[in-house]
1. In nanometres, what is the gap between the two model label sites at ILE119 and HIS163, each 7 Å from Cα along Cα-to-Cβ?
2. With θ set to phi - 60° and the Karplus curve 6.51 cos²θ - 1.76 cosθ + 1.60, what are the ³J(HN,Hα) couplings of the range 56-68 in order, to the nearest whole Hz, using x for Gly and Pro?
3. Take the Cβ-Cβ distance between ALA138 and ARG83 as r, set R0 to 30 Å, and report the resulting FRET efficiency rounded to the nearest 0.05.
4. Can you give the FRET efficiency to the nearest 0.05 for LEU173 and ARG60, using r as the Cβ-Cβ distance and R₀ = 45 Å?
5. In nm, what is the difference between 0.36 nm times the number of residues separating GLN48 and ARG15 and their Cα-Cα distance?
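Read-outs throughout are calculated quantities, based only on the coordinates presented, and are distinct from any laboratory measurement. Bear in mind the structure is a predicted one, so any value in this text is a computation, not a measurement. So basically every Cβ, Gly included, is an ideal-geometry build from the backbone, and we count neighbours across all protein chains shown.
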Amino acid sequence: MEYLKGIRITDDNVRWIVEDLMEAYSGDVWNYVFLLTRDREAADDLTQEVFLSALRGLRRFEGRSAPKTWLLAIARNASLNWRKSSFVRRVRLVGFVRPSSSQRSAEQEALEKMGIRAIWRSVMKLPVKQREVLLLDAHHGLSYSEIARVLNVSEGTVKSRLHRARARMEILLMEEGADS
């Protein structure tokens with residue numbers, strides 16, 4: 001996606017550029033929106049909204065950040081607006097299914113699923129500000145400066161939130177283990 005920095009955006013190429021962005025980042029945008037909203041339908045709708053916003057705003061993209069960072073910033077703003085405009089919504093936890101390349105026992109499968117669920121339950125218990133910084137760091141692999149741009153905060157704030165999120169996760173996971 002580095003080609004965006006050197007390309008002149010015109011009416012003829014804007015649609016295929018956004019299609020490339022969708023192909024490359026729609027999964028990341030959806031996952032990020034879902035963890036902010038905790039609602040599958042909202043994640044579907046907001047992901048579409050993010051790429052429509054990208055389509056409308058692509059000519060204003062200055063290349064000061066990576067396209068993924070830009071899209072996640074749009075996603076965050078859309079999610080925050082959704083949360084502000086919505087009333088109480090139900091929290092739904094999901095299990096994430098990963099394809100297996102080798103045969104494992106049913107016991108191994110069950111233990112792995114229990115562990116993944118415990119981690120996601122703990123992540124969902126974090127305050128939103130800690131949850132989103134942890135997600136951007138651990139799941140999306142953004143640097144501190146990229147996270148700071150997405151969240152519109154300083155790098156020091158990112159480091160502080162990340163430190164608190166990791167410390168809280170450690171406690172939550174220990175509590176989760178004690179409950180099992």
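1. If labels sit at ILE119 and HIS163, their model points lie 2.5 nm apart.
2. Ordered by residue, 3J(HN,Hα) equals 5, x, 4, 5, 8, 5, 9, x, 6, 10, 5, x, 4 Hz.
3. Using R0 = 30 Å, I get an efficiency of 0.85.
4. Efficiency computed from Cβ-Cβ geometry: 0.60.
5. Stretched out fully, the GLN48 to ARG15 stretch lengthens by 10.5 nm.
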